[in-house]
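A short worksheet on the structure shown next.
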Amino acid sequence: MSIGWNMLDGLERLYADADVPEAEVVQVTVGDPLPDLPEGEGAVVHAEIGVNGDPLGKLANFDAAMRSGLADEVDVAMVKLCYTDVTAKTDVEQLFAAYQETLDDLQRDFPDVRFVHATVPLTAAPSGIKQHLKVLLRGDDNAAREQLNDLVREAYADDDLFDIAAVESTAADGTRLDTLAPGW
């Protein structure tokens, strides 16, 4: 959820850099009635979906939000999972199947909405013996995230894809890492 807020902060900078009026950000709560949205100006509607650590719950929550009327009010929609949602213990194949079913069903049922697909953010590489031991004992969380990201990239490369992981894992010199690049 914090990365979602970071993305909204980045939007402010994009609008400023492009010297265009900033779109209003409207915060909504899933399950509450939608507030009146700005007429004709456009807005970014943001909701915190589900609970971190429960990706299947987030997908169900996103689906319910879209079907409760939100899809009738938006032109573009995206659900972004958090790095805490995918760990070495995650059944990546099951999670991807649920993601694909949810997003494909929403696209079928709401063809006027452009559903943007997002990869899962990565975390910094382990540093120090304690963190390296955790990876050895518990598994590599970033490897599981990249496994899911590769499935999303493969399935939706021809669609709208916001590859958060690719951006985050690319160092200033253009080198692509399998973790969050230093400096981010």
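The values are calculated or read from the model by the stated rules, or taken from the named source; none is laboratory data. Model, not experiment: these values are computed from the prediction. All accessible areas refer to the heavy atoms of the entire protein, side chains included, with ligands and DNA or RNA removed. Shrake-Rupley method; radii C 1.70, N 1.55, O 1.52, S 1.80 Å.
Heavy-atom accessible area with a 1.4 Å probe sorts Val86, Val44, largest first, into Val44, Val86. If every alpha-carbon in the range 34-110 counts as one equal scatterer, what log10 I(q)/I(0) does Debye give at q = 0.18 1/Å? At q = 0.18 Å⁻¹ the computed log10 ratios are -0.77. Accessible surface of Thr102, taken over heavy atoms with a 1.4 Å probe and every protein chain present, rounds to 20 Å². A cut-off of 5 Å between modelled amide H atoms, ignoring neighbours fewer than 5 places along the same chain, links His46 with Val26, Gln27, Val28.
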